[in-house]
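Reviewing the structure listed below.
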Amino acid sequence: MKPKKPGFYIMMYLLLVLIFLCLFVSGGLVISMDRLLSYKYAPHKLKIGISLMIMGFAVLIGSVKFMLWGMREMAGNLDGFFKNLGLKSESYAADGRHYHGEIDQRKVDIYCKPVKNRQYFGDVRTINYIGHSLDIHISGDFKTRSSIGKIPANDNTSGKLKTFLRKYLKEKYVEKYGGEIFEYQDYDIYALDPDWILKLIKDNKIFDLLVKIFDEETKCIRQHINVTPDSIHFSALTNLRYIKAEIIDFLVCSITQIAKNGENLRNQEEFTS
């Protein structure tokens, strides 16, 4: 069975809310207006009005339960994309999922949840589905910090985005931990240890993985790789309409390989020093 899109649940919820409003308002009108009902039913207008309002509240309660059920269904639909990894799953942030376990003796934590854009037009609030955030954490012993990002060259706002990325890296990393920001090929890189990260990504196998990870074929945007002393964190925004289990498998496998090479490189440097 094909998973339903978020819009289906939202539309059904709004329909139920509309039914509630119709019943509740109708009940109020029946009670307050004398000539709304025919002569036959006029003596029972209080019972009829209250009954309509009770039915409205019942529909409202049902709509809330339906929305909560829909959120659980949407979260459960994610499991199919991660089934090949053999990880345990649990609820995360109400409508998301947390997958955790071990792959190649490394601790793995993956978080995936919908991202929504809320807009207000006066007193009216609209919620638009933007995509799903994807965060992959692979454990490792790196003893350093680094960050790798890439701004699409064909983006009309690439200049502004690059400036924003540099400012973000400076405020989040340089001002807090030290280190420096530089460019390598098409990537903007922060590194506490520039020699280590350059040795890592200049390896042909790792660089080829980076090219594929940041490629549009992964059906992701805003890809970013962060290295902390004890893990590598890949973050991106994806969409359930386009993502496939094979893409998730590739991303997890690739980040795991980068973690292996990065840890081995760190161990080699410590052995020779």
*asked:* Can you give me the long-range amide H partners of residue 116? Hydrogens built in the peptide plane at 1.01 Å from N, cutoff under 5 Å, separation of 5 or more residues or another chain.
replied: 130
_Difference of contour (0.36 nm per residue) and Cα-Cα distance, residue 109 to residue 22_ = 26.7 nm
*Which one of 229, 89, 257 has its Cα pushed farthest toward the positive end of the charge dipole of the range 82-272, where Lys and Arg give +1 and Asp and Glu give -1 at the Cβ?*
89
*Prolate/oblate/rounded label for the range 82-272 (Cα gyration tensor, a/c 1.5)*: oblate
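Read the figures in this text as sums done on the coordinates, not as results from a lab. Values in this document were obtained by computation on a predicted structure and should not be read as measured data. No Cβ is skipped: glycine too gets one built from the backbone with ideal geometry, and neighbour counts run over all protein chains shown.
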